[in-house]
Amino acid sequence: MKKIILFLLIGLFCLVVPNSVLGDAVVGEVIVTLGENLTDDQKKQLLREMNVPEDVEIITVTNQEEHQALGNYISKQKIGTRSISSTRITLLESGAGITVTTNNIDWVSEGMYANALVTAGITDADIYVTAPFKVSGTGALTGIIKAYEITTDIEIPEEQKQVANEEMVKTAELGDRLGFDQATELMTRIKEEIAKNPVTTDEELRDLITRVAQELGITLNADELNGLVSLFNRMKDLNIDWNQVQNQIGKIRDNLGDILAREDTQTFIAKFLEVISELINAIKGWFTKG
């Protein structure tokens, strides 16, 4: 549950493409990504598992590409030395939203994949992520983005990808030290305060973050504080399409139906998404000022 909510939080504040990047892609089209380091037998096994046609388009993802995409934010050990995780991506009709199912993925959650697509401006797809054995799943994340860029012939701006990755990792790192609830509340409260009292200088932003942390009983070290100041400045400079983000909250909520149905997650996730939905209207004011 921790990973699901964390990555719901991440993507909702990183969307920068004004319109969906599906372009001329065909509804119902299927694209497959395979990790470069799979054996031939493993590739055949995964293609059978994915139940895809023989002429399906296959895109290969390399370990080098994983490190290029995530190396600034995730340790080399987490990324690993082999690209194994693979995906089946089916393009859906407008308004269908994003659905993600995983198999043998033990670090990246369904919510992370869903919001990687939201961050990329991709809104309607059914994603199946798998591997022949337990893996972190970072290769699949890289593969999904690569597949859409190739299929639509539209390059997603690098800064867009980097800000999404940075917020994801910073929230996760804070969660490791403070606990997930505290880290999430800190990030949310900072956004609330900036929405109510827009800042114009680095010093004002630094003071605001420090004050909010103190109100929550949190002491940030110098690296954490500097990192948050940098992150929020980068986020502020992006051309956020908040209307599309807010629309995707509803889609993600709908498509998390199976998870929300579980007694242990239903109330927590539903209430969290309600808070984020309300918060977006306020945050729009901050990002459109000046």
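The values are calculated or read from the model by the stated rules, or taken from the named source; none is laboratory data. Keep in mind that what you see is a predicted model, and the values were worked out from it rather than measured. Counting neighbours? That spans all protein chains shown, and the Cβs are built from the backbone with ideal geometry, glycine included. The accessibility values were calculated without ligands, DNA or RNA, using every heavy atom of the protein model including side chains. Shrake-Rupley method; radii C 1.70, N 1.55, O 1.52, S 1.80 Å.
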Is it true that Val52 is open to solvent by 50 Å² or more (accessible area, probe 1.4 Å) and touching a residue at least 12 places away in the same chain (Cβ under 8 Å)?
-> no
For the range 55-70, how many residues are surrounded by 14 or more Cβ atoms within 10 Å (Cβ to Cβ) and closer than 21 Å to Leu231 by Cβ?
-> 2
Test: residue in the range 200-214 that is buried (at least 16 other Cβ atoms within 10 Å of the Cβ), in contact with a Phe, Trp or Tyr (Cβ under 8 Å, 6 or more places away or on another chain) and outside the structural domain of Thr90 (by the TED database) | yes
Complete set of residues in the range 177-199 that are open to solvent by 30 Å² or more (accessible area, probe 1.4 Å) and over 22 Å from the mean Cα position of the chain (by Cα) = Lys196, Asn197, Pro198
Pair list, Cβ under 9 Å, 6 or more apart: the range 135-157 residue of a type in the set (Lys, Arg), other residue in a strand (DSSP E or B) | Lys146/Thr33; Lys146/Ile59; Lys146/Val61
So which residues in the range 1-49 are at pLDDT 50 or above, closer than 18 Å to Tyr148 by Cα and in a helix (DSSP H, G or I), if there are any at all?
-> none
Of all residues in the range 80-103 being surrounded by 20 or more Cβ atoms within 10 Å (Cβ to Cβ) and among the β-branched types (Val, Ile, Thr), the one that is modelled with the lowest pLDDT | Ile98
